[in-house]
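Shown next, in structure tokens, is the structure this report addresses.
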Amino acid sequence: MIGPSTLRPPTLDDATAPAYKDCLHLNLFDHASGAIGIVNVSLTGSPADDRSRAVGAALFHTEETGWTGNLEVRGLNEARIERAGIALEQVALAVDQGAETVTASARLPDDLLELDVTARAQVPSVAIEERVPLGPGWFSWSAVGRLSVEGEARIDGRGLDLGKATAYHDHNWGRWHWGDDLGWQWGAFHAPDDGPAFVLIRMTDRTHTRGEPPALVAYLGDLRRYFVGSRVIVRYEGWFDGPIRRIPGALAALHSDRAEPRLPANVHVVADDGVDHVTLEFQARGATQIVTADPAVRGYGFIHELVGSVRFEASLAGESIDGEGLGVVERAD
Amino acid sequence: MRLGAADASAAARLRETVGDRRARIRLDDESVHVCFRGAELEVRKARRGKVDGEGATDRQTVLDLLDGWIEVKDAILDGRLDVHASPEDVHRIFVAIEIVIDGSARAPALQALARDFRRDPCREARARPRAATRRTPWFPPRAEPDEAEMLTRLDLLPDGGEN
């Protein structure tokens, strides 16, 4: 059900190896508390280059504490890299395709976050094995739109049972350099219990002024519906004006001109194919900026994660549903 | 010098930026003088003497900066980071810091230096992070409503709306 999650390192004769990227990602939505978590492990650069890095990020946002957690950067030889998992000293994430689980952990007590979770797939994965253009490079992608969660987080010393949480997982890999003319808009929105989940994706240029048509996937039980192109309208409104945690701090200091990014406060998505329809209204309540440095060329990327609440209304296969949930919107450039 | 081994061009730019200037760097109760002797960076325990610039902070602030709990402007405005020099030399100090940070992204040895600093067994364990005490928009300022209106009118904003 989960797949393909196997990491895709370049072969020794791959001339594009310096642009190698491989990333395993997990979002956690704790509907009981409103907390939202992000765990990401990635490899960047040629395995033959000692500048190449393994990066682990674990972040949690709660209304009371704001952002906790941090990002860890290591050499490839300092990380334990498995077939479908990357473990650093403080952050780890692994996929077990046989068990259909994603396991993540974080040991960041200095940054007020510890985490141990296992997420189990509730829906089949969606995979795009083809090389989708991404700026001058390409990427491929697989995603599981909804997983159940067992485990807990410890946030600023307080335990948080994540048994009522849901999760989203993806694996993406490809060739690009941070700083290339590329960007994307992505979002995952989850209702609690056995409610629906929605995943939005749109590739753009770096300035987000030109982009591919967006796509939205809706999940409801065993049902899955795709909306693509002109059937999806994404509208951003307002500016997020809360504090923005930027990591790693050294690269944030280097890019002080990006300290006040123009991020939306609200995201509206309408998808309608004449049979089914979905309306999402996302309201951001926290934002973080992850500055990515390319180890092979002088270039930087900026990945913004907005977390917040979502209201949804949908009609899928004749079933009308509406309600509230949690979501993450990502804007990268 | 670790930067020179990883990026000779960056090291050359750093030397050009610093020139023959000397600076005093103070961290908690330790103080050193730094300058270039030819291509080599010289770091000595500070004694009396004239310097062209001085920077002072503490270990907690450095770690809070490295971990993204505060921005540089917050550290300055909250009095946790002091820099004294002529305007030109203040500018040169920050350019020098930027060159080192930029180079560190592709220099594992410099990244290891940060880790060594964090885990120095001779220093106290990291205290609870201290975020900025307030939000102080400085640079770049947020666009004013009339600027946003103009950008919207000229269709110069990203796709999909008002931001």
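The values are calculated or read from the model by the stated rules, or taken from the named source; none is laboratory data. The structure displayed is predicted, hence computed values, not measured ones. Neighbour counts are summed over all protein chains in view; Cβ atoms, including those assigned to glycine, are modelled from backbone coordinates with ideal geometry. The protein model used for the area step is the full one, side chains on, heavy atoms only, and it has no ligands, DNA or RNA in it. Shrake-Rupley method; radii C 1.70, N 1.55, O 1.52, S 1.80 Å.
Odds and ends about this structure:
- Rg/Rh (Cα only; Kirkwood hydrodynamic radius) as it applies to region A:190-325: 1.03
- Probe 1.4 Å, protein heavy atoms only - accessible area per residue of chain A in square angstrom: 37 Å²
- Each of the peptides B:36-46, A:252-262 was scored by the mean count of other Cβ atoms within 10 Å over its residues; in descending order, highest first, they stand as A:252-262, B:36-46.
- A simple count of charges around A:GLY34, restricted to other residues whose Cβ falls under 9 Å of its Cβ and scoring Lys, Arg +1 and Asp, Glu -1, yields -1.
- Modelled FRET efficiency - R0 25 Å, A:THR65 with B:ALA125, Cβ distances, 0.05 increments: 0.75
- Peptide-level mean, for A:196-206, of C-beta atoms on other protein chains within 10 Å: 1
- Placing dummy labels 7 Å off each Cα toward the beta-carbon, the span from A:ASP181 to A:ALA32 is 5.0 nm.
- Dipole of the protein assembly as shown [Lys/Arg +1, Asp/Glu -1 at C-beta], most positive-end residue of A:ALA250, A:ALA271, A:GLN289: A:ALA250
- Using R0 = 56 Å, the C-beta based FRET efficiency linking A:THR11 and B:HIS84 works out to 0.55.
- Mean silhouette area of region B:87-134, derived from the convex hull of its C-alpha atoms and averaged over all directions, reads 5.5 nm².
- Normalised contact order of region A:18-131, rounded percent, pairs of Cα under 8 Å and 6 or more residues apart: 17 percent
- At full extension, B:ARG118 and B:ASP146 could sit 5.5 nm farther apart than now, given 0.36 nm per residue minus the alpha carbon distance.
- Peptide B:62-70 shows a mean partner chain C-beta count of 6 within 10 Å per residue C-beta.
- Backbone geometry of region A:235-243 corresponds, through the Karplus equation with coefficients 6.51, -1.76 and 1.60 at θ = phi - 60°, to 3J(HN,Hα) couplings of 10, 9, 9, x, 10, 6, 10, x, x Hz, x marking Gly and Pro.
- Remark: spin-label model distance A:THR207-B:LYS50 equals 4.9 nm, labels positioned 7 Å along the Cα→Cβ axis.
- For region B:1-64, the equivalent ellipsoid derived from the Cα gyration tensor has semi-axes of 22, 16, 10 Å, listed largest first.
- Short-range pairs are left out: with C-alpha atoms under 8 Å and at least six residues apart, the relative contact order of chain A is 14 percent.
- Within the shell defined by Cβ-Cβ distances under 9 Å, the residues around A:ASP294 carry a net charge of +1, with Lys and Arg each +1 and Asp and Glu each -1.
- Rg then Dmax, both in Å and based on the Cα atoms of region B:2-158: 18.7, 60.
- Size-normalised alpha-carbon gyration radius of region A:104-261, reference 2.2 N^0.38 Å: 1.19
- Between A:ARG158 and A:ARG298, the modelled labels are 4.6 nm apart [label points 7 Å from Cα along Cα→Cβ].
- Test item: Cα-centred dipole of region A:142-264, Lys/Arg +1 and Asp/Glu -1 on Cβ, debye: 260 debye
- Rounded to the nearest 5, the antiparallel percentage of DSSP beta bridges internal to the protein assembly as shown is 95%.
- Student exercise, region A:189-241 dipole from Lys, Arg, Asp, Glu Cβ charges, in Debye to nearest 20: 320 debye
- Stokes-Einstein diffusion for the protein assembly as shown at 4 °C, viscosity 1.567 mPa s, with a Kirkwood radius from C-alpha pairs, works out to 54 µm²/s.
- Cα-based helix-to-principal-axis angle, B:8-18 vs chain B, degrees rounded to 10: 90 degrees
- With a cut-off of 11 Å between beta carbons, the residues surrounding A:ILE247 carry a summed charge of -2, where Lys and Arg count +1 and Asp and Glu -1.
- Per-pair calculated FRET efficiency, R0 = 25 Å: A:ILE128 and A:SER230 via Cβ, rounded to 0.05: 0.80
- Each part reduced to its alpha carbon centroid, region A:2-40 and region B:82-103 end up 37 Å apart.
- Rounded to the nearest 20, the size of the Cβ-charge dipole of the protein assembly as shown about its Cα centre is 1820 debye, with Lys and Arg at +1 and Asp and Glu at -1.
- Per-residue ellipticity at 222 nm from helix content only, as computed over chain A with -39500 (n - 2.57) for each DSSP H run of at least four residues, stands at -500 deg cm²/dmol.
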